[in-house]
Amino acid sequence: MENITENIRQQMRKGLIEYCILLTLSKEEAYASTILDKLKNAGMTIVEGTLYPLLIRQKNQGLLTYRWEESTQGPPRKYYAITDKGRQQLDEMENIWKEITNSINILENGKD
């Protein structure tokens, strides 16, 4: 039963990670490890191998941009930021999320 529960949890999270990335970057630009930390602190367990392809996809879709910043502790760091198109996408995702949670609340409370 535990494997089934974990599989369900992973599938549900997978559908929300891109939304959570945009939501995180809507507050401030961030380095990839900072994005990972914020997601993990919020209970969205994700590994680097999952994050980087999503960041690349969102960048290629014009939802994110990045800039390089020199680091005193090693190589330059890539900082990601949300674009205007990304903010529009985030607004759409937030509206869809509200619709879904409203529908679930109706089902849970037994209202027709």
- Please enumerate the residues belonging to the stretch 76-90 that are more than 15 Å from GLN61 (Cβ to Cβ) and in a helix (DSSP H, G or I). none
- Query: Which residues, counting only those in the stretch 61-103, are out of contact with any Lys or Arg (no Cβ under 8 Å at 6 or more places or on another chain), closer than 18 Å to ILE35 by Cα and modelled with pLDDT of 95 or more?
  - Reply: LEU64, ILE82, THR83, GLY86, ARG87, LEU90
- Item | Unmet criterion (only one of (1) closer than 23 Å to MET93 by Cα; (2) hydrophobic (A, V, I, L, M, F, W, C); (3) open to solvent by 90 Å² or more (accessible area, probe 1.4 Å); (4) at pLDDT below 95) for ILE4 | (1)
- Taking only pairs six or more apart or across chains, which ones have beta-carbon atoms under 8 Å, a first residue in the stretch 77-90 that is within 12 Å of TYR31 (Cα to Cα) and hydrophobic (A, V, I, L, M, F, W, C), and a second residue that is part of a strand (DSSP E or B) and open to solvent by less than 30 Å² (accessible area, probe 1.4 Å)? ALA81/LEU64
- When the stretch 49-68 is checked residue by residue, the ones that are out of contact with any Ser or Thr (no Cβ under 8 Å at 6 or more places or on another chain), open to solvent by 70 Å² or more (accessible area, probe 1.4 Å) and either in a strand (DSSP E or B) or not β-branched (Val, Ile, Thr) (or both) are TYR52, ARG57, ASN60, GLN61, TYR66, ARG67, TRP68
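If you go through the stretch 79-88 one residue at a time, do you hit one that is surrounded by 11 or more Cβ atoms within 10 Å (Cβ to Cβ), within 24 Å of ARG9 (Cα to Cα), among the aliphatic types (A, V, I, L, M) and touching a strand residue (DSSP E or B) at 6+ places or on another chain (Cβ under 9 Å)?
Taking the stretch 79-88 and keeping what is surrounded by 11 or more Cβ atoms within 10 Å (Cβ to Cβ), we get 79-83, 85-88.
Imposing the further condition that a residue be within 24 Å of ARG9 (Cα to Cα) reduces the set to none.
No, the stretch 79-88 has no match at all.
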- Message: Against the definition (open to solvent by 60 Å² or more (accessible area, probe 1.4 Å) and without any contact (Cβ under 8 Å) to a residue 12 or more places away in the chain), how does LYS27 come out, yes or no?
- Response: yes
- Mind checking which pairs have a first residue in the stretch 62-74 that is basic (Lys, Arg) and a second that is open to solvent by 30 Å² or more (accessible area, probe 1.4 Å), Cβ under 8 Å, 6 or more apart or different chains? ARG67/GLU29; ARG67/LYS78; ARG67/TYR79
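The values are calculated or read from the model by the stated rules, or taken from the named source; none is laboratory data. Every value quoted in this text rests on a predicted model; they were computed, and no experiment measured them. Quick reminder, even Gly has a Cβ in these numbers, built from the backbone with ideal geometry, and neighbours come from all protein chains shown. Remember, those area values only see protein heavy atoms, side chains included, never the ligands or the DNA or RNA. Shrake-Rupley method; radii C 1.70, N 1.55, O 1.52, S 1.80 Å.
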